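J.: Dropping a structure here in structure tokens format, bear with me for questions.
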Amino acid sequence: MQPPAASPGPAAPAGAELLRWQWREVQAPCLVAAWILVASLAKIVFHLSRKVTSIVPESCLLILLGLGLGGIVLAVAKKAEYQLEPNMFFLFLLPPIVLDSGYFMPSRLFFDNIGAILTYAVVGTLWNSFTTGAALWGLHQAGLMADPGVEAGLMDFLLFGSLISAVDPVAVLAVFEEVHVNETLFIIVFGESLLNDAVTVGPSCPQVLPLSRQGNTLPSPRDLPCLQVLYKVFNSFVELGPAHIHATDYVKGVASFFLVSLGGTAVGLLFAFLLALITRFTKRVRIIEPLFVFLLAYVAYLAAEMVSLSSILAVTFCGICCKKYVEANISQKSRTTVKYTMKTLASSSETIIFMFLGISAVDTSKWAWDTALVLGTLIFILLFRAVGVVLQTCVLNHFRLIPLDRIDQVVMSYGGLRGAVAFALVILLDRAKVKAKDYFVATTIVVVFFTVIVQGLTIKPLVTWLKVKRSDHHKPTLNEELHEHAFDHILAAVEDIVGHHGYHYWRDKWEQFDKKYLSQLLMRKSAYRLRDEIWDVYYKLNIRDAISFVDQGGHVLSAAKLALPSMPSCTSMSESSVTNLLRESGSGACLDLQVIDTVRSRRDKEDAAMHHVLRGSLYKPRRRYKASYSRHFISPDKQERQDKEIFRQNMKRRLETFKSTKHNVCSSKSKARLKEKGRKKASGPQPPAPLLSLRFGLPEAADRGPLGAS
């Protein structure tokens, strides 16, 4: 009998998998993070050499970097892996730049020059589009484009002329901010680049214009509304004669333009109103205030895209119109967060755009070359822009208080830069309908590189050679603000008297409407306060001195700190103005607004010093705070609360003294001391012992009592 077979033992356990490579799951976010990191490190390297960045604009360096990286990728992978896709550009990269430009745009300067901006943006862009397209079509009809692959008719050249003629806001920002031209020139050129969106980028009309959706990834394909009327009118004029031009062609083109521009503006105003209204009720949830600013502005951009309106105009006017009310409602920390986050997003998007422009140019499979088309386009866009600027400026100068001189016109003509907007639009063309798309892509790349690199490199020496007035970045003084408001009211009154309802009249009416209705509706009551300008300056000076006071070592002041090194004498004090004394920044302490007596006894000095010691030492036991935690509110730390309460108590006490004291009127005790001083002088001279009261001290110790208790 055979023994039973041994049962097989347990199977050997499979090897435990400790690590597993999952590149496909994180490929997209890793690539995004890698490109942002490369672009940011490149900016750091560029700015290590101040000489390079002072000569070569950052946008030029980024394009050159993109060309180098694109060449490396093409050599390794044997194909162009990465491109600047239109959906990525229009939906993710362009909105932060436009929002930053609109939110921080000087609204007063923008609306002061709104007439010139609209003229250059609408009339100028139509002029450039029509003349450039017609000239290129004439060049093609003359047989100068030798390449037979350039199969394009009048409509195709008008389409390309409209794409290539619009000034690009990203390129203008990148170059003009480094040149530092004066504010008027910058706001006109940059405002034109923003508002010409209604002419070059508008609602969809795929049955008329040969644009593709790129696989329906975009909310709406870009279209050129005013191009339709130009084409119909021009084609009817050439083929049938002027008698066959119908009025409906004009009406459709004009209606399309107004629908795109005014509709996009209305969307921006609607979301600006909602944003201001929401931030009015965020007092107890400060932590999410910045979120609303970015979220609603981006929703405004997407909403305009969904209804085929101008999304750039929507987010621009949303930023311009909401800032006043939002800044008044949100906290100081939220304002700082919004500012730096918005600047960071805009700078990162701008860096990626220019770098990917260089990378996209390496892919030679998407473009074809024709020398006559490239050279003709470069010559025509420069020539017709210069002619258009000169003609429009001649008309505008008849209505401007400060005319634009010839030097300004040269800078405006030379500063019409093209950029990623034109490149993204030309990529959207459908090759099945536009046979010459590859030639248009190559020409657009050359034009963008020429305007950003060549004109960007030479515009700064040109501005220096022409001695163009540079921008003067400084906050307006109190004197400038008072005179500006006074002249506004005077000019509005003059227009009202003569019966002319001009710009100043309507601005005055708008300010009255804003104060009476909008500000009370969109601002919380604590933010909406009618304060005097001098009172605001006094408050800001107290804030400045409070910060300096804390930086100098807290609340305890020794007797040595009570004396100012730059203390004026009695004679110089009477000759100096109070404003100049208040604006001295050499010390953390300032003079009071009241008339002060510079003669104090030794006992007064000791009492004042003891008062400051006791106030700093005995503060903490007076008020206790309960420890609390909230996810929706960032509570200030103990030191910050203490500083705020000290400042609030001092401000309250000093404001009461300031209201009850008249200028050049002393108290009875001060008069008695002056009489005693006169008697002492009559008996014999004694050395003076001046003591300056501090901005943060209470009224003099002799007037308060022994301890100056509050």
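J.: Which number in (1) touching a helix residue (DSSP H, G or I) at 6+ places or on another chain (Cβ under 7 Å); (2) surrounded by fewer than 20 Cβ atoms within 10 Å (Cβ to Cβ); (3) basic (Lys, Arg) marks the one condition that LYS435 misses?
T.: In the conditions (1) touching a helix residue (DSSP H, G or I) at 6+ places or on another chain (Cβ under 7 Å); (2) surrounded by fewer than 20 Cβ atoms within 10 Å (Cβ to Cβ); (3) basic (Lys, Arg), LYS435 misses (1) alone.
J.: Okay, moving on. Take ARG431 and tell me if it is modelled with pLDDT under 90, over 24 Å from the mean Cα position of the chain (by Cα) and of a type outside the set (Val, Ile, Thr).
T.: The answer is yes for ARG431.
J.: Given the options ALA492, ALA442, ALA486, name the one that is closer than 30 Å to LEU67 by Cα and at pLDDT 85 or above.
T.: When all the criteria are applied, what remains is ALA442.
J.: Then there is this: Among the residues of the range 78-113, what is the count of those that are part of a helix (DSSP H, G or I) and either hydrophobic (A, V, I, L, M, F, W, C) or over 13 Å from GLU350 (Cα atoms) (or both)?
T.: Final tally of qualifying residues: 20.
J.: If we keep just the residues of the range 78-108 that are farther than 22 Å from LEU425 by Cα and open to solvent by 40 Å² or more (accessible area, probe 1.4 Å), which is modelled with the highest pLDDT?
T.: Only one residue fits best here, namely PHE104.
J.: Let me ask something else. Pairs under 6 Å by beta carbon, first residue acidic (Asp, Glu) in the range 413-435, partner open to solvent by less than 30 Å² (accessible area, probe 1.4 Å) and not in a helix (DSSP H, G or I), six or more apart or different chains?
T.: These pairs meet every condition: ASP430/PRO210; ASP430/SER212.
J.: Checking the condition open to solvent by less than 80 Å² (accessible area, probe 1.4 Å), of a type in the set (A, V, I, L, M) and not in a loop (DSSP other than H, G, I, E, B), which residue from VAL494, VAL468 passes?
T.: VAL494
J.: Any residue at all in the range 34-52 that's open to solvent by 100 Å² or more (accessible area, probe 1.4 Å) and either over 30 Å from LEU457 (Cα atoms) or at pLDDT below 85 (or both)?
T.: Yes - at least one qualifying residue is present in the range 34-52.
J.: Checking the structure you have, find out if any residue of the range 174-193 is open to solvent by 20 Å² or more (accessible area, probe 1.4 Å), assigned to a loop (DSSP other than H, G, I, E, B) and free of Cβ contacts under 8 Å to residues at least 12 places away in the same chain.
T.: No, there is no match, as no residue in the range 174-193 is open to solvent by 20 Å² or more (accessible area, probe 1.4 Å), assigned to a loop (DSSP other than H, G, I, E, B) and free of Cβ contacts under 8 Å to residues at least 12 places away in the same chain.
J.: Which ones in the range 54-77 are β-branched (Val, Ile, Thr), surrounded by 15 or more Cβ atoms within 10 Å (Cβ to Cβ) and either without any contact (Cβ under 8 Å) to a residue 60 or more places away in the chain or assigned to a loop (DSSP other than H, G, I, E, B) (or both)?
T.: The one that is β-branched (Val, Ile, Thr), surrounded by 15 or more Cβ atoms within 10 Å (Cβ to Cβ) and either without any contact (Cβ under 8 Å) to a residue 60 or more places away in the chain or assigned to a loop (DSSP other than H, G, I, E, B) (or both): VAL56.
J.: Restricting the first residue to the range 475-496 and requiring it to be over 18 Å from ARG507 (Cβ atoms) and of a type in the set (A, V, I, L, M), which pairs with a second residue that is open to solvent by 80 Å² or more (accessible area, probe 1.4 Å) and in a helix (DSSP H, G or I) meet a Cβ separation below 8 Å and a spacing of at least six or different chains?
T.: Close Cβ pairs satisfying both conditions: LEU478/ILE534.
J.: To continue, here is another question. Hey, does the range 392-413 have a residue that's at pLDDT below 90 and surrounded by 18 or more Cβ atoms within 10 Å (Cβ to Cβ)?
T.: For the range 392-413, residues at pLDDT below 90 and surrounded by 18 or more Cβ atoms within 10 Å (Cβ to Cβ): absent.
So that you can scan it fast, the table gives a plain yes or no per residue for (1) surrounded by fewer than 22 Cβ atoms within 10 Å (Cβ to Cβ); (2) on the phi > 0 side of the Ramachandran plot; (3) among the hydrophobic types (A, V, I, L, M, F, W, C):
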{"position": "GLY268", "(1), (2), (3)": "no, no, no"}
{"position": "PHE273", "(1), (2), (3)": "yes, no, yes"}
{"position": "ALA276", "(1), (2), (3)": "no, no, yes"}
{"position": "ARG286", "(1), (2), (3)": "yes, no, no"}
{"position": "LEU291", "(1), (2), (3)": "yes, no, yes"}
{"position": "ALA304", "(1), (2), (3)": "no, no, yes"}
{"position": "PHE317", "(1), (2), (3)": "no, no, yes"}
{"position": "ILE330", "(1), (2), (3)": "no, no, yes"}
{"position": "LEU345", "(1), (2), (3)": "yes, no, yes"}
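J.: Going through the range 497-508 one residue at a time, which ones are in a helix (DSSP H, G or I), open to solvent by less than 80 Å² (accessible area, probe 1.4 Å) and either free of Cβ contacts under 8 Å to residues at least 60 places away in the same chain or in contact with a strand residue (DSSP E or B) (Cβ under 8 Å, 6 or more places away or on another chain) (or both)?
T.: Across the range 497-508, the qualifying residues are HIS504, TYR505, ASP508.
J.: Would you confirm whether any residue within the range 510-529 is open to solvent by 90 Å² or more (accessible area, probe 1.4 Å), part of a loop (DSSP other than H, G, I, E, B), modelled with pLDDT of 75 or more and out of contact with any helix residue (DSSP H, G or I) (no Cβ under 7 Å at 6 or more places or on another chain)?
T.: So far as the range 510-529 goes, yes, one or more of its residues are open to solvent by 90 Å² or more (accessible area, probe 1.4 Å), part of a loop (DSSP other than H, G, I, E, B), modelled with pLDDT of 75 or more and out of contact with any helix residue (DSSP H, G or I) (no Cβ under 7 Å at 6 or more places or on another chain).
J.: Do you know which residues across the range 140-168 are open to solvent by less than 20 Å² (accessible area, probe 1.4 Å), in a loop (DSSP other than H, G, I, E, B) and within 19 Å of ASP438 (Cβ to Cβ)?
T.: MET145, VAL150, ALA152 - these are the residues of the range 140-168 that are open to solvent by less than 20 Å² (accessible area, probe 1.4 Å), in a loop (DSSP other than H, G, I, E, B) and within 19 Å of ASP438 (Cβ to Cβ).
The values are calculated or read from the model by the stated rules, or taken from the named source; none is laboratory data. Given the structure is predicted, the values throughout are model-derived calculations rather than measurements. All Cβ positions, glycine included, derive from the backbone under ideal geometry; neighbour counts span all protein chains shown. Quick note on the areas: whole protein, heavy atoms, side chains included, nothing else; ligands and nucleic acids left out. Shrake-Rupley method; radii C 1.70, N 1.55, O 1.52, S 1.80 Å.
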